[in-house]
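Working notes, structure below.
The values are calculated or read from the model by the stated rules, or taken from the named source; none is laboratory data. Note that the structure is predicted; figures quoted are calculated from it, not measured. Note that each Cβ is placed from the backbone with ideal geometry, even for glycine, and that neighbours are counted across all protein chains shown. Protein only, heavy atoms only, side chains kept; ligands, DNA and RNA dropped before computing areas. Shrake-Rupley method; radii C 1.70, N 1.55, O 1.52, S 1.80 Å.
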Amino acid sequence: MTPDALVIGGTGPTGPYIVRGLLRRGYRVAILHTGRREVDEIPSEVEHIHTDPYDEESLRQALAGRRFALCIATYGRLRMIARVMQGRCERFISVGGQPCYLGYMNPQAPSTTGMVIPTGEEAEKVSDPAQDEKGFRILLTEQQLFEAQPRASHFRYPVIYGPRQALPREWSIVKRVLDGRRQVILPDGGLTLLSLGYAENMAHALLLAVDKPEAASGEIFNCADSQTLTLRQWVDCIAGALDHDWRVVAMTGPLARAANPLLMQPATTHRMMDIYKLRHLLGYEDPVPVQEALARTARALAANPPALDSADSLVLEDPFDYAAEDRAIEAWDAAMSQLPDPGFVQEPGYTMAYSGPGGRTRSNPEFE
């Protein structure tokens with residue numbers, strides 16, 4: 001008998017990849033969503049259940065008399081969905097977020113500014129709403145999820161990029177390229193690390209739990225691409241995919257306000273996840289390498305730019321105020337040109353352990 005799988009959501013960034021992956025694995029698939037958005041990538045044989053996954057009574061009515069071998073919850077009120085699916089599914093897989101970690105949304109909350117790098121599943125969590133209300137709610141949801149579904153597999157998604165992404169962060173760079181900007185502001189040289197996940201890669205990570213139920217049962221997994229690029233590398237990759245060259249203006253963090261939509265927080269501290277469990281328990285590797293994933297995303301945005309008044313543009317909160325950016329760069333350059341030489345008696349070195357450019361020269365003038 002063909003097993004039934006229910007995907008709650010299914011039309012977001014990872015949804016079509018998950019649905020098609022389940023079909024390849026022999027499941028008969030239904031997706032439950034509001035019906036406000038349909039996507040062409042969902043195969044025609046998939047059943048659509050239209051209801052509100054944020055309303056418990058509507059959800060119960062829509063699923064009355066139904067049972068599933070597998071439920072994958074990617075959308076809706078997760079703690080309520082976990083209760084409603086009690087006795088209605090044999091396996092439960094869910095998707096949440098990473099702000100439950102202390103310092104993710106409030107980098108000033110930990111005793112040391114920012115998060116430990118990399119951040120593993122065992123890292124300190126938000127323990128009080130005063131530290132971060134959103135992170136605290138996410139942690140409560142996870143706790144109630146496992147109370148209702150003790151053998152669940154839960155995936156903490158990062159910021160997702162790629163098709164149907166909810167936050168088109170790459171547009172901040174792509175639009176500047178399309179507009180012919182010759183300089184871009186990055187805070188602290190663009191050294192910040194932020195774990196991201198390409199939609200196809202994150203769907204693959206979740207489907208590994210379908211393939212390895214015993215290894216995934218009762219576990220929480222950090223999700224992210226296997227490689228984490230610095231903000232500068234991320235910008236360079238996008239610009240390179242679009243054959244664009246420009247000057248990167250490395251301002252100190254608080255002055256680089258034009259880059260706030262790129263940082264996605266009021267600090268340049270890192271938010272980099274440790275995905276050891278995902279890799280070693282489930283065998284995760286990126287199906288699409290990060291550089292290729294970013295290039296695909298950049299080219300897709302360049303070919304299909306979001307409208308200025310669209311939800312995608314509004315959620316990004318980037319004013320693209322080039323006149324203000326140019327004034328900031330002009331003031332920065334003027335200030336840098338006025339800095340006096342401190343006049344070190346002996347120039348500080350990079351230590352004798354460093355022999356790269358500007359460092360210790362080799363003792364033998366002839367290379368051997």
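Values for this structure:
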| item | result |
| --- | --- |
| W171, W246, reordered so the largest accessible area comes first (probe 1.4 Å) | W246, W171 |
| Carbon/sulfur fraction of accessible area - segment 38-177, other protein chains in place, 1.4 Å, % | 47 percent |
| Gained length - R28 relative to V345, 0.36 nm times residue gap less alpha-carbon distance | 106.6 nm |
| Candidate lysines - alpha carbon under 24 Å from K212, same-chain residues fewer than 8 apart omitted | K277 |
| Unpartnered cysteines - no second Cys beta carbon under 4.7 Å - across the chain | C100, C223, C237 |
| Relative contact order %, the chain, counting alpha carbon pairs below 8 Å whose residues are six or more apart | 16 percent |
| Trypsin sites (Lys or Arg not before Pro) lying in DSSP loop within segment 272-340, provided at most 16 other Cβ fall within 10 Å | none |
| For R37, net neighbour charge (Lys/Arg +1, Asp/Glu -1) across residues whose Cβ lies under 15 Å away | -3 |
| Beta bridges by DSSP in the chain, antiparallel share as percent, to the nearest 5 | 5 percent |
| Kirkwood Rh, Cα atoms: Rg over Rh of segment 160-233 | 1.11 |
| Tilt relative to the chain, helix 199-211 - C-alpha long axis, 0 to 90 degrees, to 10 | 40 degrees |
| Stretch gain in nm, segment E330-R37, where the contour uses 0.36 nm per residue and the Cα spacing is subtracted | 101.0 nm |
| Between helix 133-148 and the chain: long-axis angle, C-alpha atoms, 0 to 90°, nearest 10 | 30 degrees |
| Segment 305-368 - convex hull of the alpha-carbon atoms, volume per residue in Å³ | 248 Å³ |
| Residue-level accessible surface for H50, protein heavy atoms, 1.4 Å, Å² | 100 Å² |
| Cα→Cβ-extended label distance, 7 Å offset, between S226 and E56, nm | 4.3 nm |
| Per-peptide average of other Cβ atoms within 10 Å, ordering 234-245, 35-46 highest first | 234-245, 35-46 |
| Radius of gyration and maximum dimension Dmax of segment 1-46, Cα, Å | 9.9, 32 |
| Helical contribution to [θ] at 222 nm, DSSP H n ≥ 4, -39,500 (n - 2.57), averaged over the chain, rounded to 500 | -9500 deg cm²/dmol |
| Inverse of mean 1/r across different Cα pairs in segment 67-115, Kirkwood, Å | 12.9 Å |
| Cα-based shape type of segment 229-274, given that a ≥ b ≥ c are square roots of the gyration tensor eigenvalues and the cut on a/c is 1.5 | oblate |
| Extension gain, A69 back to D312 (0.36 nm per residue minus Cα-Cα distance, nm) | 83.9 nm |
| Nearest-ten-degree value, helix 322-337 long axis tilted from longest Cα axis of the chain | 40 degrees |
| Equivalent ellipsoid semi-axes - Cα gyration tensor, the chain, angstrom | 43, 24, 21 |
| Ordering of 126-133, 192-199, 252-259, 203-210 by burial proxy (mean other Cβ atoms within 10 Å per residue, highest first) | 192-199, 203-210, 252-259, 126-133 |
